[in-house]
Each structure stands twice: as structure tokens, then as C-alpha cells.
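The values are calculated or read from the model by the stated rules, or taken from the named source; none is laboratory data. In this text the structure is predicted, and so the values were computed from the model without any measurement. Because the Cβ atoms are built from the backbone with ideal geometry, glycine has one as well, and the counts that use them run over all protein chains shown. Note: accessible area is taken over every heavy atom of the protein model, side chains too, but ligands, DNA and RNA are not part of it. Shrake-Rupley method; radii C 1.70, N 1.55, O 1.52, S 1.80 Å.
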Amino acid sequence: MQALRDELRAFATRVWCVSTTGIVRGAPSSRADGNSGRSRRSWFTRGVAIETAALVAWCSVVGSSALGATPQGAAARVAGSSAAHAGAPGASADSSADFSADSRADASAEAGAFARADARARGAPEVQGGPDEAVDAGELALAVNRAIAAGVANLKRLQLPDGNWPGQEGPHPGGMTALACFTLVKSGVKKNDEAVVRALGALSGTTFKSTYSHAVRLMLCDALREPAKWRATAEDSVRFLASKQDGPTGGWAYPEGGVDMSNTQFALLGLRSARRIGVDVPEETWVRAANGLLRFRDAEGRGWASESGGFKYWTHREATGGMTAATLAGLSVIREHAPPSSEVHALLRKHAKTIAASEAWLVRRFRADQNPSGERSWTPSFQFAYLWAVERFGGLTGKTELGTHDWYTEGATWLVEQQKSDGSWGNWIEDTCFALLFLRKATLTESDAPLAPADPLFAGEPVVPPKRPKPGTPWLVDWWVAGPFADKGVDLESPPFEPAKARGREKAKLANRVFERIALKPDGWTDLDQATGRAADQALWLCTTTLVNTTAAPFDVELWLVLEDGWSVWFDGRRVSFDRRVAAPIEESVRVPLELAPGEHVLTVVLEDQWGAAAFGARVARPGGVTPGPEFASWAVAPKEKR
């Protein structure tokens, strides 16, 4: 019996892990993110899933009444559990059995061996590294399935009784509902599902009038895979989009206001869906779009593409990763659907270097967890839209990597970690939609791929453990402040002063700016522009204070900062955190771990203010968000009894 068990466990391991080989190249099981404050948890104990799959197969053969499955049923369950999201995520394994550490270790070792053996037999590239990486691949695949199921459940809960979803229905009637329904269908929800039926009923009575809503309606018509049924609807949306295309630029607006790349990329996605349904798109529409994306320049010589290659939302904005990936995907749509004889193809050949420069920009600046902005910064704005744009670009061009980055593995890893306990992502319904569309590889996945049920191994597990300071944790209010430094050429990386040597005191100067002792707000962040009466944009500020460990032993703390743009944090003359984030929500999101030795320590924060408020706030907590006690103090000037 033991021999049979070993053989079947090996078989189940092989079924499970081989299906993920070459899709996921390993995911870190635990990493602390010093900037976001979020902890990257291990999705479940290494090897449990493989042992579970093996036991299911074994019990099915020996007739165990614990699971009550037929051999065929068990095989289906094992195969379903193995389906990584490459278009067909499957069911999860039963988690009712208890497994020993030795068994899990054995299964982990077998996973790597069988995955590599199968790869060699099929002539496929092997997973790099040892058996742990093969198991990581299975972990990520199952975590993705679970995240998709939870996200779908969240969308269904948010649907209104009338079949619509709440959102920007004023300017974009039907847009949010069409996007949510499109996401459900692409996530494997059947057309006869109650949520889809109610959404389609609501949309049938909606008058569409914006670029976004018409484009998403076309995408939904395509996803439903009934071209004859939805042809008239699609033709109506194509007429709208063709009539609203801007002649000089080849792009689209809301249609009110100016042309922007976001509306333009959605319009092109909608037209792609129309062609897939069989609806004709005027050739001149493709030609105008190609001309506009590649050649348009405004009166000041600025264009959609930056000098370094990235694409912008508006011509006067910085290039971003989201707009670059979306525009490259749009160019792929034009190339795919323009008639073979169209002048579009000559234009694309003529501007091949521009397109190559844009791809190189995206490769050079790509990070799954940060939407690049300009040459050196990044922004958390539109992070989920950015990832979906990367998925579309990768799907339409067949690129599985951006340089050395496996964009899907890295993006899926980040999304699994960022999902909230209610199954949502971000702050808006569209954030959840974009996350699901990325995880499902929606550009290539057919809509009737099965939906993965929730994995019972994750039942009740919080996705992101809370770590922020607990209510009542005081804000650091006593600071020396110098600035703003708004001289031409001032840069966060090379400021006109030495942060490591900055010491605030009465009448002291820093690069010709006088230090001022400022009492910041005790209940939140402070706008330094208002607090000092010296407003400036595209400027730097330096804030410094003293942190004190009043005990005789060192202890760990976490510095939490409220900032809108970039920062450089220095602790006792050593830089401990730096980032060029821009245009972030003003919230307590920057976490810097510190060790406080006994005595006083100099904390210096250089913050960058691009536009608007010079937001700054700081709190110190013990690990886990615990409010520090009398062992901790902070001051710009020591109280008299401490001098």
C-alpha cells in the first residue's frame, strides 16, 4: 500500500506542478516592503497543496470514504487544482486532511523532480532553480485562482438591485455596468448567470453617449461570443466612435474636452472588438489613429511620445508606464486590423524607431508594483489600469517578458498580495475590474473558460495584516523646517545641501534658507506651504527632529510618513529610504523600519513637492502598529529638564 501511495502521490504532484512550469518562475514566500508597509505573506505552508492533491488521488483509488470520490472524479479534482491561470483556472483541492512536516517536505522534493522530468520529456524549458521554486509556481497559481474567485464574488455583491453597478454613470451612462459585466464574463462567469443577465437587462435600456462607455460596450459584445445577436448594438457603437474621432490628432475625447490617450486607447480596444464580431471599421479611422499616435505635435512641438520614448495622457504631461503600454497595445490593434493595403502599415514601418524607443522605455522603467512616471519617478495613480495595459500589450504582441521581467508573474504576485479581505482591489470598482482582467489574461483568454471556486485553504485568512499605527498613536509635531528649495535644477537625488549634516537650531541656515521651528498638526498631516507661508511647487523641503530611546536597551520602531510625492529619509546621517513617487494620495503609506539604540537620534526627511500641497506628517509606532510608551520621545529642542 505504501508503494501505491508513493506512486500516486508522485503522479498527483506531477499533474499539479507541471501545469505551472514555464508559467510562473517562482514567487517569494515572504518579503517586507519598507515603503508600503504591507507584508508579503506565504500563501500557504509549502507543500501542503501537493500532498493534498496526492491524497485525493490515492483515496480515490483505494476507496477512502473520507472523500467519497470516484477515480475519475478525483482525477478531475486534481487536474482542476493544477490549472494555473493561463485561461482556465480550476477547482481547489480538499483541505480536510492533516499532513506531517516530513510528508510536505517529501512532496516538495518530488514536485521539483517531476516538474523537471516532464519538462525534459516535452522538450520544454525547465523551471530554473530547485524544488522550492516549482512549489512556488504552484502556490502562485492557486493564489491567483483564489484571488479571481474572491474578486468575482466582490463584484457580484456590489451590483445594485436594478442590475447596474455604481460609478461614473453621469458622464458615462452604462460604462461602469458594461465594464463590470465584461469583467465577470472574462473571468469565467457564464452568460446565464443571474448577475450577467441582470446587467444585460439594465444595459438594454441605457443610452450610451461617451467614448468610454461605447468602447466597453463593444468589448462586452465581443466577450459574450454571440456575434449575430450583438451585431446591431456593435454597429451603433462603431458609428459613434467613428463620428467622434478627432481629425487633426486621430484621437478621441470624452467626447467633450480635449483629446487624451486614455479615451483613445479605449476607443481602439472597442474597435478591435467590433472587428472580432465582424463589424467593419472605416479604413480612414485606422489611418487617422496611426497618424495621430505617431506624428501629431502641438504648437509648441510637444507630442504624445516623450523624447525618451514613453507615451503621455496629454501632450504636456509626463510619460507614464500605463499610457505607454496602452498606446503600444493600441498600435498593435491598428497593425492587426487595418487592411493589408492600408497606408497604416507604411506609417508603422516609417516610425518603427519611435515604436522601438517606446518599448525600450517601458522595458527600462518597468516595475509591477509601481507605475513609472517620467524618467526617474513613479506614481501610485492608475496602478491597476497600468497593469491591465501591460497585460494587453503583452497579450497582443506575444511578449511574455519585458527585458528580464516576467511581467505576468510579477504582476500577479503583487496583485495577490494587495487584494483586500473583501475580495476587492484599490478604492474603486474599476480597480477590481482591472486587477481581474490582468489575472485572467483577458486579452487572450476566451470568456467561457471556467471560473475557479474559492480555495478552502484560505478561508478566513486576512490578505494584508493591519500594520499601521493604532488609533491614538501621537503625531510627531516638533520639527525644524527649512525651505522651500525651488531653484532651477533642484533635484531630490542631489539637493543643494547635505541632508546627512543638516542640524536644525535657532538662526541656523541651510543653503541660504533659515531653519524655522514649526509645530505641525497633532491630528494629521500639515501643508508646509501654509504652515510657513512660503508656497512653492516643484520644490524640496527639509524637516529634521530628534527621536529618543529613554531606556538602556535598543528596540525596533516603524516610522510612518504622510507624503504626496518623493522623499529621502536620513537617520543619524545615513539614508534609510528614498523614492521618487509622484501624485500619490495624501495618506499614511510610507513605512520605514528603524532600530533605536539608547539615547538621541537625528531624523531628517527631505520631501519633494511637485504640485499642490506640500503635505507632511509623521508618526512612530512599535512593530505591528503598537503605540510606543514612555520609552520613546521626540523633540526638535529638548525640554529644559532633559538638557
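Note on PHE497: accessible area approximately 20 square angstrom, rounded to 10, probe 1.4 Å, nucleic acids and ligands left out. Site pair ARG367 and GLU587 shows an inter-label distance of 1.9 nm when each label is modelled 7 Å from Cα along Cα→Cβ.
Rolling a 1.4 Å probe across the protein heavy atoms gives segment 208-249 an accessible surface of 42 Å² per residue. Applying a DSSP loop filter and a limit of 10 other Cβ atoms within 10 Å to the chymotrypsin sites (Phe, Trp or Tyr not before Pro) in segment 335-383 leaves nothing. Amide H contacts of LEU510: PHE515, each under 5 Å away and 5 or more positions distant or on a separate chain (H built 1.01 Å from N in the peptide plane; Pro and chain starts excluded).
Note that segment 461-603 shows a convex hull volume over its alpha carbon atoms of 137 Å³ per residue.
Here the accessible area is traced with a 1.4 Å probe on the protein chains. For segment 472-592, carbon and sulfur cover 48 percent of it.
A DSSP coil position with no more than 14 other Cβ atoms inside 10 Å describes the following GluC sites (Glu not before Pro) in segment 464-547: GLU493, GLU506. How large a share of the accessible area of segment 163-221, in percent, is made up of carbon and sulfur atoms when the probe is 1.4 Å and the other protein chains stay in place? Accessible surface attributable to carbon and sulfur in segment 163-221 totals 54 percent. Here the Karplus relation 6.51 cos²θ - 1.76 cosθ + 1.60, evaluated at θ = phi - 60°, turns the backbone of segment 210-225 into coupling constants of 10, 4, 4, 5, 5, 5, 5, 4, 4, 5, 5, 4, 5, 5, 6, 6 Hz, with x for every Gly and Pro.
Loop-resident trypsin sites (Lys or Arg not before Pro) (DSSP state other than H, G, I, E or B) in segment 487-571 with no more than 12 further Cβ atoms inside 10 Å of their Cβ: LYS488, ARG503, ARG505, LYS507. Shown in residue order for segment 386-392 are the 3J(HN,Hα) couplings computed by the Karplus curve 6.51 cos²θ - 1.76 cosθ + 1.60 at θ = phi - 60°: 4, 5, 5, 5, 5, 4, 5 Hz (x for Gly and Pro). Here the Karplus curve 6.51 cos²θ - 1.76 cosθ + 1.60, taken at θ = phi - 60°, turns the phi angles of segment 548-564 into couplings of 10, 9, 8, 9, 9, 10, x, 8, 8, 9, 10, 8, 10, 10, 9, 9, 9 Hz, with x standing for Gly and Pro.
Take the cross-link list LYS209/LYS244; LYS229/LYS441; LYS420/LYS467 and give me the ones stretching past 20 Å between alpha-carbons. Over 20 Å Cα-Cα: LYS229/LYS441.
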